[in-house]
Structures are given as structure tokens and as C-alpha cells.
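Here's the structure, in C-alpha cells; my notes come after.
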Amino acid sequence: MIEVNYKPLDLSATDDKFATIYRAQVSFLRDLKKKWFTFVFPDSKIKIDEEGNRRHNNGSWFDLHEQYSTAKDGTFDVRYYKTINYDKKTGVKNLMPRKLNFDGYLSLSMDKDEDLIWYLIFVSRHMEAADWLVPQLDRHAPNLARTGRNIIYFKVENTVKSKEKEYDIMSLAQQVMTAIYDKTMGLSDEQVLYYARSYNVPISEGVSSMALRQELGSRILVLDKRGKYNKSLLEEFIASMPKRKEEAATDKVAAQALVNDLVSSKLIELVPKGTKKQAWLTAEGFEIMVCGVSQDGKEALVDFFMKNKDARQEYEEVVKKKTEETSQTS
């Protein structure tokens, strides 16, 4: 049952603002055709240990009494309860339960637990937002009082959506694996060399192409704290892939590789130039380019070499000469 502004919710009141919101939200939930709603820990509460086991906390208690806010209709005091009892001495009304103990799994039926499902999804500040649980009208959307400061304890499990996301990530991972490890369908040895340099993979004399591929893969096919592939790393790598098989590398990859080589070989350095600017200089003091102090120096230099292919080719020769001199002295 639901209490609004310390009175039982009256769904028969056609002119009541909150009753209108409630009816629309419950109708939205029923239109989803879900007989059961299952609440589970959000991904942020789950960690994968070194042995691959899922770890999470023991759950949390939270209030079943919240302030519900809307942009159009204002703020309402909302309370979910199952039973009412009265203190024998004072006669004070008590709504029970006052709190809910969420231990990581709660499956509720729309036929029996409609009010609690509604409260957890639309009122509680502790639910992780989900785009598939937001009605089209802003007036009927979840509680606007939810902010980044609220502690998130649970989310609504959506198996189909989860599987779609997992499929998308695994599809990206498969593309990356093919590009790195399949010499026929993927990157050539020359392309892999550029990528290795762009990802700061150490390259020693006589290192094999397969060793570079293995190390490059370990830089991109990494797992996050939830045991999932890092989607942004996969997407970044795929976006940088050359469009043609014969292309040595894209301008960005080639420029990033060059900058990494120049910095690691100490052939260039970033120095202040006044109070608002900084400049990249060669070891001999020649100025390559100038950028603002608020800019990321490496990113600015990568962008410079992407746009200036002649300069890129010139400094590729500098790196090549340095590499040859190093190999002769070692």
C-alpha cells in the first residue's frame, strides 16, 4: 500500500496530481508485459577476484519513505507499507515495514507486489537508472530527487538487455582478436609494428611478429573489475584500423607511434614558453611546435604530425637513425 502526504493514496480521485502520476507509471510497468521484476546488485557492487570469483557486499537496509519530486507537480512525501498497527499507550499509527533489507536478489510479482515494485523503480533513490524504465512523458518519469550523491543498492535485471550488451562487447573483442592474431585476415606485420609503437610496446632487436602481437593484444584485450572487456579500448582500436590492407597505418596511429618513439628516446622534450604556452624542442633546441599550457602536450604533438606528413616523415628518419646508432653501440 502507498501513503502520499500522510494520507492513503486515493486512486479514485481523478483530479489528484499524484494519483495521475501513479496510474500512468503502473500502466507503463504493465505494458512491459513482465509478470516478475527481479532486483539485483548493480555492476558497481560486484567485483571479480584474482581467481575469477564474483564478490559483493552483504546487502543494505534502506528506508521505504522518500520525498518524490517532479519538475511540474512539486514534491510529495511517499511511503510504502504492508500493515498498520497502533501503539497501545499513545495510539500513534505505525506503518510497517519501515525499511527493506536488500541482500542482492529480490524477485517480485506484479500481481502481488505491484506497489513495492512501483516504489523501488519510481520512488527509491537507491535504484540504478535504466533507460528502458523511463516513460515518454517527463511528468511520469522516476523521482527527480535522485542525484549522484545517492548510494545505489540495486537495479532491475533485464536479461535480454544484458545479453545484447555482452554480445556487442564480444563482437568487438572478436574483431580485435582477428585484427591482431590472424595474419591472413588481420593486420600485416608492418601494421602491427606501428600499433606496437603507438601503444608503447617495448621493441627490441630481433623481436618476433608473434611476440609483438601477443603483447599488443594484452594492452587492448583487458578485463575491467567486473571481468568484462574494456569496451572503450576495443572501440578505440577498431576505429584506428586502416581501411585498406596495404595501408601501413592510419595517420593517427603513425603519429602516435612517432611521438612515443621520440619521447622514449629522449629526442624531444616539452618545455615552458612564457606563462601561457609550452613548446616541443629537439635535443638540439630546434622548436617543433607550440601549444597552450592547458593542452595535453602529447596529444597536441600527435595532432601536429597527423596534419603535417612531411614533418612526420622527417622525424621518422630521426628515429630510424637513432635506432641504428643504438643497435651499433650495443
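We did not get these values from a lab; they are worked out from the coordinates using the rules stated. Please read all numbers here as calculations on a predicted model, not as lab measurements. Cβ sites come from the backbone with ideal geometry, for glycine too, and all protein chains shown count toward neighbours.
The loop-placed trypsin sites (Lys or Arg not before Pro) in region 192-249, going by DSSP, that have at most 16 neighbouring Cβ atoms within 10 Å of their Cβ come out as K225, R226, K228, K243, R244, K245. Relative contact order for region 191-318 using alpha-carbon pairs under 8 Å, separation at least 6, rounded to a whole percent? Over region 191-318, the number comes to 20 percent. Here the 3J(HN,Hα) profile of region 181-197, calculated from phi with Karplus coefficients 6.51, -1.76 and 1.60 at θ = phi - 60°, is 9, 9, 5, 7, 8, x, 6, 6, 4, 5, 5, 4, 4, 4, 4, 4, 5 Hz, Gly and Pro shown as x.
Subtracting the Cα-Cα distance from 0.36 nm times the residue separation, let me have the gained length for A71 to S208 in nm, one decimal.
43.1 nm
Which residues in region 1-40 have a backbone N closer than 14 Å to a point placed 7 Å from the Cα of A130 along the Cα-to-Cβ line? Under cut-off, by backbone N: 29-40.
In plain terms, the residue of W118, W280, W36 with the fewest other Cβ atoms within 10 Å comes first and the most crowded comes last, giving W36, W118, W280. FRET efficiency for the N200 to D296 pair, using the beta carbon distance and R₀ = 22 Å, is estimated at 0.90. Distant-in-sequence amide contacts of F154, defined by a placed amide H-H separation under 5 Å and a gap of 5 or more residues or a different chain, comprise E128. Computed from the C-beta positions of K276 and K7, the FRET efficiency with R₀ = 51 Å rounds to 0.25. Considering only L193, A179, F122, and ranking their Cα positions along the charge dipole of region 111-208 that arises from unit charges at the beta-carbon of Lys, Arg, Asp and Glu, the one farthest toward the positive end is F122. Within the same chain, aspartates and glutamates fewer than 8 places from K252 are excluded, and of the rest, those with a Cα less than 19 Å from its Cα are D189, E190, E235, E236, D261, D296, E299, D303, D310, E314, E316, E317.
Which ordering of K320, K7 is given by a fewest-first count of other beta-carbon atoms within 10 Å?
The most exposed by this proxy come first: K7, K320.
Rounded to whole numbers, the Karplus 3J(HN,Hα) couplings from phi for region 75-92 are 10, 10, 8, 10, 9, 9, 8, 10, 9, 10, 9, 10, 5, 5, 8, 9, x, 5 Hz, using 6.51 cos²θ - 1.76 cosθ + 1.60 with θ = phi - 60°, and x at Gly and Pro.
Each listed q (0.09, 0.10, 0.15 Å⁻¹) maps to a log10 I(q)/I(0) for the chain from the Debye sum over equal C-alpha point scatterers, namely -0.73, -0.80, -1.16. Ordering 269-275, 77-83 by mean Cβ neighbour count within 10 Å, with the highest value first, yields 77-83, 269-275. Between N308 and M177, the FRET efficiency from the beta-carbon distance, with R0 = 30 Å, is close to 0.30.
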